[in-house]
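To start, the structure under review is shown below, and the notes come after it.
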Amino acid sequence: MRAMRDVGVAAAAGAIGRRSAALGVGLAMCALAGACAGAAPADTKVTTESSSGSVPDAGPLPTPASSAASASAPASASPPASVGPLPTGGSVLIGDIVAPPSFDPKPAIVSAKEELVACYNKARQTTPSLRGKLMLRINVSETGKVMLVDAASGGTANDPVLVACISEALRAVTFPKPNGLATISAPFVFRP
């Protein structure tokens, strides 16, 4: 009698596992599509049944970044911009930098050229046609640390992703110590 009950429990568990796997896949598809925002908690796990009958854990479902926004967005809203592969190549030309007398920031900026090109390629993931001029105002403290990086209006390469990345890259650079606070204007030209 006990053997029959164990077989019945195992069959029921197998059916539940198959239903859980189907539900998990459905939730994963729903979460990826963003149509069911908020339907699956962040700790929901997707399971699939293997040929051996066991149900391995595939880890937590990815939570959509804009779940609250997509829940209230109209159905006719356009999908988010796709991010392509990270472009390679690209170049940056650094123009004549305007700085206070006796303060030469160009060697410090040139030392970050590799990071500037990496920032440009990162920005080209979402804006493949990005190219052209960008004028930055950079505030350097009396200790040689970058305090602020701001893009001047205009310029064909004035992209928020590019400016934010360059700001982060320049904050990692140590500039020579100016006499007090220094504001510099640095022109860049970015090319694919």
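The values are calculated or read from the model by the stated rules, or taken from the named source; none is laboratory data. Not measured: the values here are computed from a predicted model. Cβ coordinates were reconstructed from backbone atoms using ideal geometry, including for glycine residues, and neighbour counts include every protein chain displayed.
General observations
- Taking the range 89-139 as the range and being among the β-branched types (V, I, T) and more than 18 Å from N179 (Cα to Cα) as the test, the residues that pass are V92, I94, I109, V110, V117, T126, T127.
- Only a single item in (1) at pLDDT below 95; (2) surrounded by fewer than 16 Cβ atoms within 10 Å (Cβ to Cβ) is not met by G90, and it is number (2).
- Residue within the range 98-108 that is modelled with pLDDT of 95 or more, of a type in the set (A, V, I, L, M) and assigned to a loop (DSSP other than H, G, I, E, B) present: yes
- Entry remark, the range 151-163: residues being out of contact with any helix residue (DSSP H, G or I) (no Cβ under 7 Å at 6 or more places or on another chain) and either outside the structural domain of P128 (by TED's automatic domain parsing) or part of a loop (DSSP other than H, G, I, E, B) (or both) number 7 in total.
- Candidates in the range 132-145 are the residues that are in contact with a strand residue (DSSP E or B) (Cβ under 6 Å, 6 or more places away or on another chain) and either loosely packed, with under 14 Cβ neighbours inside 10 Å or of a type outside the set (S, T, Y) (or both); of these, the one that is farthest from E168 (Cα to Cα) is K133.
- Here V149 passes the criteria (1) free of Cβ contacts under 8 Å to residues at least 40 places away in the same chain; (2) under 19 Å from S91 (Cβ atoms); (3) crowded, with 16+ Cβ neighbours inside 10 Å except the one numbered (2).
- When each of P101, P105, P128 is tested for being farther than 13 Å from R191 by Cα and exposed (fewer than 15 other Cβ atoms within 10 Å of the Cβ), the lone residue that passes is P101.
Quick grid of which residues meet (1) under 15 Å from P87 (Cβ atoms); (2) assigned to a loop (DSSP other than H, G, I, E, B):
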| position | (1), (2) |
| --- | --- |
| R124 | yes, no |
| L130 | yes, yes |
| E142 | no, yes |
| V149 | no, no |
| C165 | yes, no |
| G180 | no, yes |
| F190 | yes, no |
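- Considering (1) touching a helix residue (DSSP H, G or I) at 6+ places or on another chain (Cβ under 8 Å); (2) buried (at least 17 other Cβ atoms within 10 Å of the Cβ), the lone condition that P178 does not fulfil carries the number (1).
- Conditions (1) within 23 Å of the chain's Cα centre (by Cα); (2) surrounded by 19 or more Cβ atoms within 10 Å (Cβ to Cβ): number failed by N158: (2)
- R124 being under 25 Å from G90 (Cα atoms) and out of contact with any Ser or Thr (no Cβ under 8 Å at 6 or more places or on another chain): yes
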